[in-house]
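The block underneath contains the structure these notes are about, expressed in structure tokens.
Every read-out reported here was derived from the displayed coordinates using simple, explicitly stated rules and does not represent laboratory data. Just so we're clear, the structure is a prediction, and the values are computed from it rather than from any experiment. Using ideal geometry, Cβ is built from the backbone for each residue, glycine included, and neighbour counts are taken over all protein chains shown.
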Amino acid sequence: MLNIVLFGPPGAGKGTQSENIIEKFNLTHLSTGDLFRKHLGEGTDLGKLAQKYMDDGNLVPDSVVIDMVKDKIASTSGAKGFIFDGFPRTVPQAEALDTMLKEFDSDISGMIALDVPDDELRTRLLERGKTSGRADDQNVDKINNRIQVYKDETIPVAEFYEKQGKFNKIHGVGSIEGIFGEISTVIEKL
Ligand code: AMP
């Protein structure tokens, strides 16, 4: 399996680049943010539980996220590999993911980290908020909290993969095609 963690702060372009990656490399997209929004839209118990965390830009508890990802992986048969988008966001999530993949005799092939300055993130998220309908994209305080949560809780995940020799950083400002070209070069070498 070719399993990739697409990593970066909110607004780095993970969703956009995931679409390009799944098309070119025929991988299955697993975005925890998308899965939570689906639950929210369907009014499930999981959606109701996640809502208050999402609305404030805080992380949903690890056990909830991990169980949701386990279910998703278990219900996806015949995947050539996964592109993990917005997951793992904490070190316990990254450890749980390694354990899950071991059951398939597999592991993470590599992590690709999109690097984008904070000011650019704020501009992009506010712009996206005009059309995304996402409450967490429309308020500067919530956006700032999400960026801070990323720094406090998610950056250690980069170190987790760096120690495994799987960390690849890409400058995430420029044309979508140009950035995708760099991502492709990294994936082709994995
Ligand atoms: P995203 O679409 O990836 O920006 O995620 C939107 C929101 O969903 C986040 O601000 C969190 O509240 C929640 N979320 C998504 N993925 C995770 C995760 N891996 N761990 C915890 N919370 C998450």
task = Sort region 113-190 into rounded, prolate or oblate with this rule: let a ≥ b ≥ c be the square roots of the eigenvalues of the Cα gyration tensor; rounded if a/c is under 1.5, and if a/c is not under 1.5, prolate when a/b is larger than b/c, oblate otherwise.
result = oblate
query = Along each of its three principal axes, how wide is the spread of alpha-carbon positions in region 59-121, in whole angstrom units, largest first?
reply = 40, 26, 18
query = Going by the alpha-carbon gyration tensor, a ≥ b ≥ c the square roots of its eigenvalues, is region 20-114 rounded (a/c under 1.5) or, if a/c is not under 1.5, prolate (a/b greater than b/c) versus oblate?
reply = prolate
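Sequence gap at least 6, Cα distance under 8 Å: using those rules, report the relative contact order of the chain to the nearest whole percent. Write down the numbers at each step before the final one.
Details: 264 pairs, mean separation 61.7, N = 190.
Reported as a whole number, the value is 32 percent.
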ask   = Rule-of-thumb check for the chain: C-alpha Rg over 2.2 N^0.38 Å?
value = 0.97
query = For the pair Val173 and Leu49, what calculated FRET efficiency results from E = 1/(1 + (r/R0)^6), where r is the Cβ-Cβ distance and R0 = 22 Å, to the nearest 0.05?
reply = 0.05
request  = Count neighbours as other Cβ atoms within 10 Å of each site's Cβ, and list the GluC sites (Glu not before Pro) in region 18-121 that are DSSP loop with at most 11 such neighbours.
outcome  = Glu103
key: Contact order normalised by residue count of region 1-54, Cα under 8 Å, 6+ apart, percent   = 17 percent
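Per residue, how much space in cubic angstrom lies within the convex hull of the C-alpha atoms of region 1-55?
Values: hull volume 5.6 nm³, N = 55.
With only Cα atoms used, region 1-55 gives 102 Å³ per residue.
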request  = Return the calculated 222 nm mean residue ellipticity for the chain, to the nearest 500 deg cm²/dmol, obtained by summing -39500 (n - 2.57) across DSSP H runs with n ≥ 4 and dividing by the residue count.
outcome  = -17500 deg cm²/dmol
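Taking a threshold of 20 Å on the Cα-Cα distance, which of the pairs Lys24/Lys72; Lys70/Lys166; Lys14/Lys169; Lys48/Lys102; Lys52/Lys142; Lys38/Lys70 fall above it?
Correct reply: Lys24/Lys72; Lys70/Lys166; Lys48/Lys102.
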